[in-house]
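What follows draws every value from the coordinates through simple rules; no lab data is involved. Since this is a predicted model, take the numbers as computed values, not measurements. Every residue, glycine among them, receives a Cβ derived from its backbone with ideal geometry; neighbour counts consider all protein chains shown.
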Amino acid sequence: MTRAESLDASGITDQPATTHDKISEPFAQGRSLRDSVTIAVSHYLKELDGQMSTDVYDMVLAEVEAPLLKEIMAYTRNNQTKASIMLGLNRGTLRKKLKQYKLISSKD
């Protein structure tokens, strides 16, 4: 078994997710986030070509969660209280996730 690799809406990538000023092609064509995830996961599974992979769930969540947090933090001008309210998360949980994705330093 192999550990899951990063994926985006067009397939497999090791590049970080793009920000709102570089919208991915499928989303720019009017597809929903759900459709983009479906296309990306489907493409990823086809690329596996029958091989097994592990941690796909965590990989997909990380691929969605990290850019979500980054964009919300930019929108709220790094105001963690406002961001936690927008996301429906406890502020402590938000800080933990920001640290997990290295969006704030561990000493903050």
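Could you work out how far apart the two model spin labels at residue 38 and residue 53 are, taking each label as a point 7 Å from the Cα in the direction of the beta carbon, and quote it in nm?
Computed distance between label sites residue 38 and residue 53 equals 1.9 nm.
Going by average Cβ neighbours within 10 Å, how do the peptides 62-75, 93-106 rank, with the highest at the top?
Averaged packing, sorted descending, gives the order 62-75, 93-106.
What's the extension gain from residue 46 to residue 103 if we count 0.36 nm per residue and subtract their Cα-Cα distance?
Here the answer is 17.3 nm.
Roughly how far apart, in whole Å, are the Cα centres of segment 88-108 and segment 36-69?
A separation of 23 Å, based on Cα centres.
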